[in-house]
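A.B. asks: This structure is in structure tokens; I'll ask about it shortly.
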Amino acid sequence: MNNDLKPILNMIPQLAEGVFSDYSQEIRIISRKNVIYPINQPIISFLVHFFGEFSGVIILSIGENSLVRLANSIATDKFDIKINEVQGLATSIFSEICNNIAGRVAAQISSQLKKTCNLLSPLLIYYATDILPDSESASAYGITLTTTQGDIGVRIIC
Amino acid sequence: MNIQYLNPFIQGFCEILAEFGVIVEKRGQLSIASNLIKSDGFAVLIGINGQIKGNVIYDMSRQTALDLASKMYGTEMKEITEEVTDSISELGNMVSGKASGTLHSELDIFFNITPPNIVFGEQTIVTNSTIDFIVIPLDTNCGRVKINLAIKE
């Protein structure tokens, strides 16, 4: 593992929990595993490129059922709306959560590694069976966060 | 999106593939996909950043990826291996890099590209929140490749 990146990877649960708590008190992180999120169910992935002196990509992945539970918690808390399927509002909420997490990771990269780090426009990828980096130039580091609403995979490729 | 950004990618694609003996036999009809595309199974995602920003996605079937990689390697590829993903990634890199050079020299527009990521899955859908994709299907002697371009100034 890139040693520069290690402290930032270790901060991801804390950064993610900070974002979750802004949206809903129902969502908490229970545990963390240093494994890349397994692809064994329909998943939705949020992918955004970092650019600047630090370049790479962050991918946040979640299973359909967990996405619905996560979005429902937030929609219920914030708007008193129920969500029970993967549709516009659910994925919009997930995108916003991921954008915030990615933004906080980028800020940590900038402040700790002293490298400029900004975000490009994100992509949402539905039902991919795998997402691979360019093997010649990149290394992938991943963790899986178990939350009260289900697992979320966070992978950084740089 | 300014349509003039499109042709350098098409031109670059045709020129790079010709170097490997792959011929673009037909250019399909250009269409607009409202910020959503459905993959044919094998997609190379590249980010674009500079005076223009967005993403370019080179999308094809698994078989087309194998056939293109076979041409690039000069030997038949029968399954998706690291060599196949690397060669198609590199193809995306080369085409995007060539387009970047053309836009810079002809229109004084400068941008960088990110390293590619490969997305697998025949049910895969890729969306972005704000920019429509312009889709150009190109039929080659290895199968169809779609260039999906979502760019804003």
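The values are calculated or read from the model by the stated rules, or taken from the named source; none is laboratory data. As the structure is a computational prediction, the values presented were derived from the model and not from experiment. We place every Cβ from the backbone using ideal geometry, glycine too, and count neighbours over all the protein chains shown. For the accessible areas, the whole protein counts, side chains as well, though only heavy atoms, and no ligand, DNA or RNA atoms are used. Shrake-Rupley method; radii C 1.70, N 1.55, O 1.52, S 1.80 Å.
A.B. asks: Can you tell me which residue is farthest from A:D130 (Cα to Cα) among those in the stretch B:53-83 that are among the small types (G, A, S) and outside any helix (DSSP H, G or I)?
C.D. replies: So in the stretch B:53-83, the residues among the small types (G, A, S) come out as B:54, B:61, B:65, B:69-70, B:74.
Now restrict to residues that are outside any helix (DSSP H, G or I): B:54, B:61, B:74.
Working: B:G54: 22, B:S61: 15, B:G74: 26 Å.
Selected residue: B:G74.
A.B. asks: All but one of (1) within 12 Å of chain B (Cβ to nearest Cβ); (2) more than 17 Å from the chain's Cα centre (by Cα) hold for A:D130; state the number of the condition that does not hold.
C.D. replies: With (1) within 12 Å of chain B (Cβ to nearest Cβ); (2) more than 17 Å from the chain's Cα centre (by Cα) applied to A:D130, the lone miss is (2).
A.B. asks: For B:V95, are the conditions met, namely being modelled with pLDDT of 95 or more, within 16 Å of B:I134 (Cβ to Cβ) and either crowded, with 18+ Cβ neighbours inside 10 Å or touching a strand residue (DSSP E or B) at 6+ places or on another chain (Cβ under 9 Å) (or both)? I'd like the intermediate steps shown before the answer.
C.D. replies: On the way: modelled with pLDDT of 95 or more: yes; within 16 Å of B:I134 (Cβ to Cβ): yes; either crowded, with 18+ Cβ neighbours inside 10 Å or touching a strand residue (DSSP E or B) at 6+ places or on another chain (Cβ under 9 Å) (or both): yes.
Here the answer is yes, as B:V95 does meet what is asked.
A.B. asks: Something else now. Among the candidates B:G50, B:G54, B:G74, B:G92, which residue alone is touching a Pro at 6+ places or on another chain (Cβ under 8 Å) and either at positive phi or of a type in the set (G, A, S) (or both)? Spell out the reasoning first.
C.D. replies: Numbers: B:G50 fails: touching a Pro at 6+ places or on another chain (Cβ under 8 Å); B:G54 fails: touching a Pro at 6+ places or on another chain (Cβ under 8 Å); B:G74 fails: touching a Pro at 6+ places or on another chain (Cβ under 8 Å).
Step by step, each of B:G50, B:G54, B:G74, B:G92 is checked, and only B:G92 is touching a Pro at 6+ places or on another chain (Cβ under 8 Å) and either at positive phi or of a type in the set (G, A, S) (or both).
A.B. asks: While we're on this one: Would you tally the residues in the stretch A:107-154 being part of a helix (DSSP H, G or I) and without any contact (Cβ under 8 Å) to a residue 40 or more places away in the chain?
C.D. replies: Going residue by residue through the stretch A:107-154, those that are part of a helix (DSSP H, G or I) are A:107-113.
Still in the running and without any contact (Cβ under 8 Å) to a residue 40 or more places away in the chain: A:107, A:111.
Summing the residues that are part of a helix (DSSP H, G or I) and without any contact (Cβ under 8 Å) to a residue 40 or more places away in the chain in the stretch A:107-154 gives 2.
Matching residues to (1) more than 8 Å from chain A (Cβ to nearest Cβ); (2) under 25 Å from A:I157 (Cβ atoms); (3) of a type in the set (V, I, T):
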position	(1), (2), (3)
B:G54	no, yes, no
B:L66	yes, yes, no
B:A69	yes, yes, no
B:M77	yes, yes, no
B:M94	yes, yes, no
B:E106	yes, no, no
B:C142	yes, no, no
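A.B. asks: Of all residues being in a loop (DSSP other than H, G, I, E, B) and closer than 16 Å to B:S87 by Cβ in the stretch B:1-20, which is most open to solvent (accessible area, probe 1.4 Å)? Just the residue, please. Full working, then the answer.
C.D. replies: Of all residues in the stretch B:1-20, those in a loop (DSSP other than H, G, I, E, B) come to B:1-2, B:19-20.
Filter again for closer than 16 Å to B:S87 by Cβ, leaving B:19-20.
Details: B:E19: 127, B:F20: 59 Å².
Result: B:E19.
A.B. asks: Here's another thing I want to ask about it. Determine, yes or no, whether A:S66 is of a type in the set (G, A, S), free of Cβ contacts under 8 Å to residues at least 24 places away in the same chain and either surrounded by fewer than 21 Cβ atoms within 10 Å (Cβ to Cβ) or part of a helix (DSSP H, G or I) (or both). Please lay out each step first, then the result.
C.D. replies: Numbers: of a type in the set (G, A, S): yes; free of Cβ contacts under 8 Å to residues at least 24 places away in the same chain: no; either surrounded by fewer than 21 Cβ atoms within 10 Å (Cβ to Cβ) or part of a helix (DSSP H, G or I) (or both): yes.
Against the criterion (of a type in the set (G, A, S), free of Cβ contacts under 8 Å to residues at least 24 places away in the same chain and either surrounded by fewer than 21 Cβ atoms within 10 Å (Cβ to Cβ) or part of a helix (DSSP H, G or I) (or both)), A:S66 does not qualify.
A.B. asks: So which residues in the stretch A:56-97 are touching a Pro at 6+ places or on another chain (Cβ under 7 Å) and either within 21 Å of B:L45 (Cα to Cα) or modelled with pLDDT of 95 or more (or both), if there are any at all?
C.D. replies: Of everything in the stretch A:56-97, just one residue is touching a Pro at 6+ places or on another chain (Cβ under 7 Å) and either within 21 Å of B:L45 (Cα to Cα) or modelled with pLDDT of 95 or more (or both), namely A:S95.
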